[in-house]
Amino acid sequence: MANEPWIARIGWVNWADDATLTAVHASPETLGVDRLTVIHTGQYHQQTGPELAVRISFPEPRPVDAVVLPMVGAGYAYDALSKLWTLVPLSAAATIRVIGSEAADMSAPVYDSGRVSALYDPTINYAIHLLAGGATARHWEVTVGDAGAEKVTAGRLVMMPLHRFAHNFRPDWNRTWEDISDEREGDDGTMYAKEKPKRRVFTCDFGFLTRAEADDVALEIERVVGKTRDVLLVARPNAPNLGHYTIWGKPVDAGGVNQPSFSVFTKQFKIKERRR
């Protein structure tokens with residue numbers, strides 16, 4: 001079962017955070033590429049033109065299974081109704097290209113996805129590429145393009161290895177949009193609300209972890225991530241609309257790892273998405 005493509009995968013070490021990032025299409029209008037390593041996705045990076053391209057160099061070769069750019073769009077526009085700045089979505093034709101090489105000039109690549117569908121959903125706003133079999137390289141280049149865009153923005157860069165669970169999560173898992181708007185009622189019963197952004201929340205329960213997964217995955221995520229870092233959960237790696245089943249965000253404490261019976265280990269994950 002462990003090799004089935006539909007079994008969930010999770011990553012918790014983002015190599016991009018200690019990499020050297022360079023904007024390939026730097027211009028006076030380019031917003032700082034270092035913003036792609038800030039956990040708050042509202043601190044976005046922007047490149048003028050129909051594509052955003054970033055060169056990533058690691059201190060040493062790193063294995064990569066997933067490249068995700070959350071909150072990708074064609075800039076932000078002010079919504080007078082909600083009084084919020086909202087992300088302008090790219091089109092469904094948006095593409096992504098991921099190249100890995102041992103050479104800084106990206107010659108003789110060890111991996112090149114070509115220009116493929118970014119699996120981009122205008123509601124979720126993630127550009128995603130899963131590397132079949134993964135690849136290891138020191139230098140990488142990631143490009144997101146949309147022929148109709150005048151500029152392309154992104155709020156984060158995620159490049160990481162993923163663990164595929166031996167058994168999938170139990171049935172009855174939950175996905176929801178959480179509305180964090182402020183609500184109050186007036187003395188006359190009138191209802192008021194100050195609109196704020198909405199975010200997704202994933203909750204799932206892995207009921208049959210192996211002992212190694214309990215020690216080296218579930219507990220390791222709690223040790224490394226804690227309350228300050230994020231995880232990437234790909235709930236359905238073979239889904240045609242991958243954005244609906246992928247979330248980057250902060251895990252909420254769900255009670256650690258449990259052992260309800262001999263050699264059976266369980267772990268619940270609840271992940272709140274970073275959309276700002």
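Hey, got a sec? Which trypsin sites (Lys or Arg not before Pro) in segment 35-100 land in a DSSP loop and have at most 16 other Cβ atoms within 10 Å?
Values: sites: ARG35, ARG55, LYS83, ARG97; in loops: LYS83.
For trypsin sites (Lys or Arg not before Pro) across segment 35-100 that sit outside H, G, I, E and B with at most 16 neighbouring Cβ atoms in 10 Å, the list reads LYS83.
Comparing VAL67, VAL225, VAL158 in a Gaussian network model of the chain where C-alpha atoms under 10 Å apart are linked, the largest mean-square fluctuation is found at VAL225.
Can you tell me how much longer the chain between THR123 and HIS167 gets when fully stretched, taken as 0.36 nm per residue apart minus their C-alpha distance, in nm with one decimal?
Values: separation 44, 0.36 × 44 = 15.84 nm, distance 2.96 nm.
Extra length from THR123 to HIS167 when fully extended: 12.9 nm.
Label-to-label distance, ALA132 versus GLU220, with points set 7 angstrom from Cα along the beta-carbon direction: 2.6 nm.
Taken one residue at a time, the phi angles of segment 265-275 give Karplus couplings (6.51, -1.76, 1.60, θ = phi - 60°) of 10, 10, 8, 9, 10, 10, 10, 9, 6, 8, 10 Hz. Gly and Pro are set to x. Averaging the sequence gap over all C-alpha pairs within less than 8 Å and six or more residues apart, then dividing by the number of residues, gives segment 1-64 a relative contact order of 37 percent.
Taking a point 7 Å out from the Cα of HIS25 in the direction of its Cβ, the residues of segment 39-76 whose backbone N falls within less than 17 Å of it are 45-56, 69, 72-76.
For the listed residue pairs LYS227/LYS270; LYS198/LYS227; LYS196/LYS272; LYS83/LYS270, the alpha carbons are over 23 angstrom apart in LYS83/LYS270.
Given Cβ point charges of +1 (Lys, Arg) and -1 (Asp, Glu) and nothing else, what value in debye, to the nearest 20, does the dipole of segment 9-162 about its Cα centre take? Walk me through the numbers on the way to the answer.
Working: 10 positive and 15 negative charges, 45 e Å.
Dipole of segment 9-162, to the nearest 20 debye: 220 debye.
Is the C-alpha gyration tensor of segment 125-276 telling us rounded, prolate or oblate? Criteria: a/c under 1.5 is rounded; beyond that, a/b larger than b/c is prolate, otherwise oblate. Oblate, since a/c reaches 1.5 and b/c is not below a/b.
Across segment 9-162, Cα pairs under 8 Å and at least six residues apart give a relative contact order of 37 percent.
With contacts taken as Cα pairs under 8 Å at a separation of at least 6 residues, the chain carries a relative contact order of 24 percent. Per-residue Karplus couplings for segment 87-103, computed as 6.51 cos²θ - 1.76 cosθ + 1.60 with θ equal to phi - 60°, are listed in order as 6, 7, x, 6, 7, 5, 8, 4, 10, 9, 9, 10, 10, x, 8, 7, 9 Hz, Gly and Pro entered as x.
Residues considered: LEU52, LEU84, LEU36. Largest GNM mean-square fluctuation over the chain, using C-alpha springs under 10 Å, is found at LEU84.
With the charge dipole of the chain set up from +1 on Lys and Arg Cβ and -1 on Asp and Glu Cβ about the Cα centre, the Cα lying farthest toward the positive end among the listed residues SER263, TYR78, GLN43 is that of SER263.
Here the Gaussian network model covers the chain, with springs between Cα atoms less than 10 Å apart; of ILE180, ILE56, ILE96, ILE180 fluctuates the most.
Roughly how many debye, to the nearest 20, is the charge dipole of the chain about its Cα centre, given +1 on each Lys and Arg Cβ, -1 on each Asp and Glu Cβ, and no other charges?
Once rounded to the nearest 20, the dipole reads 180 debye.
Relative to its residue count, the chain spans a Cα convex hull of 150 Å³ per residue. Summary: within the chain, the longest segment free of GluC sites (Glu not before Pro) located in DSSP loops with at most 15 other C-beta atoms within 10 Å is 196-276.
Coordinate-derived values only; no laboratory data. The model shown is predicted, which means the values in this text are computed figures rather than measured ones. Glycine also receives a Cβ, built like all others from the backbone with ideal geometry; neighbour counts cover every protein chain displayed.
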